[in-house]
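Read the structure below first, then the notes.
The values are calculated or read from the model by the stated rules, or taken from the named source; none is laboratory data. Small disclaimer: the values here were computed from a predicted structure and weren't measured. Please note: Cβ atoms are built from the backbone with ideal geometry, for glycine as well, and neighbour counts cover all protein chains shown. Side chains are part of the model used for accessible areas, which takes the heavy atoms of the whole protein and leaves out ligands, DNA and RNA. Shrake-Rupley method; radii C 1.70, N 1.55, O 1.52, S 1.80 Å.
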Amino acid sequence: PHTILLTRNTFDPMNTILQRLGIVQDILQTPSVEKGLRNLLDTLENGRPAIVWADFTQLPYNALPRDAGYWGMLPLVVYGHDGEQATLADGSSQPLVVSAAELAAARARVKKDKFRVLSLNPPRPEKLPAAVSAGIWDCIRLFTEKPPRGTGKNFGLSGLENLAKMLTNTRNPQSWARALPPGPAMFAALAGHESVPGLYGWIQGWGDGGAERARYADFLDEAAAILERPALRETATLFRHSHKAWAKLADLTLPHSIPALAEARQLIDRRADLFWERGTAALEEIGGIAQQQADLHARMTNEFPLDEAGAAALRQRLSEQVLVTLEHERAAVAALREAMS
């Protein structure tokens with residue numbers, strides 16, 4: 001068992017952005033490995049970076065275990081290829097180098113994305129205000145209205161309220177007490193396991209942490225100028241408060257006062273820093289950290305640091321902070337709606 005806490009829009013944001021900004025897409029796709037490589041090389045030879053879809057579990061710099069039953073196709077940018085090696089941009093400040101064979105295998109993993117190459121034309125600036133406005137309204141709706149899929153109690157403000165309840169409930173089969181008891185299951189929910197980030201990773205593992213609420217606040221500062229709505233700057237301040245609340249929730253998830261959880265946090269942070277700062281040059285060290293993480297998870301069967309009472313106390317602290325975060329989110333979204341009305 002594990003927990004997934006998606007604090008960002010996952011509903012096909014890439015295509016939404018491209019369509020709203022009027023960006024013309026040039027797409028090439030084939031089931032043939034030879035033609036797939038030729039399309040990629042032709043795009044690069046024409047001086048255009050190429051977006052391709054690849055299984056992140058197959059790319060060696062992610063240092064993930066290979067599992068025939070698990071995959072994830074994500075877009076990345078290829079901007080160099082000499083026939084033997086490819087140079088990629090994918091979540092690190094450094095160029096990432098993989099062999100041509102490794103990239104080909106990752107691109108071939110899922111049929112519908114197989115050997116797709118996407119190149120983009122420039123956006124149309126006159127479409128920017130409408131795109132920004134539509135994006136903000138999407139955000140408001142995802143927080144407050146029926147979600148595009150699934151039950152409403154798992155999304156937006158209602159989702160946070162439900163999470164707070166499930167952290168302290170002891171009877172519901174979906175509660176943490178029942179589904180994620182002290183031991184490996186609770187540890188995975190907090191710290192992650194293999195390719196599943198865990199509560200701490202979902203909050204802190206992208207951008208500037210804090211569920212990226214500070215980054216969204218920066219966007220609202222820009223939107224205030226683009227849309228000529230000064231009230232959006234005041235709303236941005238509220239999302240920065242929300243950022244701090246999310247970061248506090250992450251702090252409580254893996255507290256420094258509990259050695260095993262503090263060790264998990266240190267390994268997560270160190271691995272992320274190495275990848276960002278050094279990329280594939282740090283692959284050996286990242287692999288060592290991945291092994292330490294696997295060993296730590298294995299120890300949790302017999303060495304989980306909390307008994308039932310301690311686990312209940314931690315869940316109570318998390319629940320209380322989720323409710324604090326909920327109030328910050330509720331205030332920020334209400335202000336966002338008011339600023340746009």
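Residues within the reach of a label modelled at Lys127 (point 7 angstrom out along Cα to beta-carbon, backbone nitrogen below 15 Å), restricted to the range 12-31, are 13-27.
Applied to the range 162-167, the Karplus parametrisation 6.51 cos²θ - 1.76 cosθ + 1.60 on θ = phi - 60° returns per-residue 3J(HN,Hα) values of 5, 4, 4, 5, 5, 6 Hz, with x for Gly and Pro. Between His81 and Thr87, the built amide H atoms are under 5 Å apart, and every one of these is 5 or more places off in sequence or on another chain. Summing Cβ point charges (Lys, Arg +1; Asp, Glu -1) relative to the Cα centre of the range 134-272 gives a dipole of roughly 500 debye.
Comparing Arg240, Arg271, Arg149 in a Gaussian network model of the chain (Cα springs below 10 Å), the most mobile by mean-square fluctuation is Arg149. Ligands, DNA and RNA are left out, and with a 1.4 angstrom probe the accessible area of the range 184-317 is 47 Å² per residue.
A simple spin-label model places the labels of Ile23 and Ala101 3.4 nm from each other, with each point 7 Å out along Cα-to-Cβ.
Among Arg171, Arg270, Arg213, the largest mean-square fluctuation in a Gaussian network model of the chain (Cα springs under 10 Å) belongs to Arg171. Sequence-ordered 3J(HN,Hα) estimates for the range 153-161 from the Karplus curve with 6.51, -1.76 and 1.60 and θ = phi - 60° stand at 6, 9, 9, x, 4, 5, x, 5, 4 Hz, glycine and proline given as x. Each label point was placed 7 Å from the Cα along the Cα-to-Cβ direction; for Arg215 and Ala313 their separation is 3.6 nm.
Between Thr168, Thr144, Thr16, the residue with the greatest mean-square fluctuation in the GNM of the chain (Cα pairs under 10 Å linked by springs) is Thr16. So for the chain, taking the charge dipole from beta-carbon charges (+1 Lys/Arg, -1 Asp/Glu), which of Leu103, Tyr216, Leu142 sits furthest toward the positive end? Ranked along the dipole, the leading option is Leu142. State the label only: which of (1) 22.0; (2) 20.8; (3) 19.5 corresponds to Kirkwood radius over Cα pairs in Å computed from the shown model? Read-out from the structure maps to (1). Backbone N atoms of the range 41-69 closer than 20 Å to the 7 Å Cα→Cβ label point of Glu277 belong to residues 61-63. Cross-link partners for Lys35 among the lysines, with Cα-Cα distance under 29 Å and sequence neighbours closer than 8 places in the same chain left out: Lys111, Lys112, Lys114. Available extension along the chain between Glu327 and Glu234 is 31.8 nm, counting 0.36 nm per residue and deducting the alpha carbon span. Taken about its Cα centre, the chain carries a charge dipole of roughly 1080 debye when the Cβ of each Lys and Arg holds +1 and the Cβ of each Asp and Glu holds -1. Whole-Hz Karplus values for the range 63-80 come out as 6, 10, x, 7, 9, 4, x, 9, 7, x, 8, 10, x, 8, 9, 9, 10, x Hz, taken residue by residue from phi with 6.51 cos²θ - 1.76 cosθ + 1.60 and θ = phi - 60°; glycine and proline positions read x. Think of each Lys and Arg Cβ as +1 and each Asp and Glu Cβ as -1; about the Cα centre, that makes the dipole of the range 50-126 roughly 340 debye. A simple spin-label model places the labels of Asp42 and Ser119 1.0 nm from each other, with each point 7 Å out along Cα-to-Cβ. Computed extension gain for Leu6 through Val77, at 0.36 nm per residue and net of the alpha carbon distance, reaches 23.2 nm.
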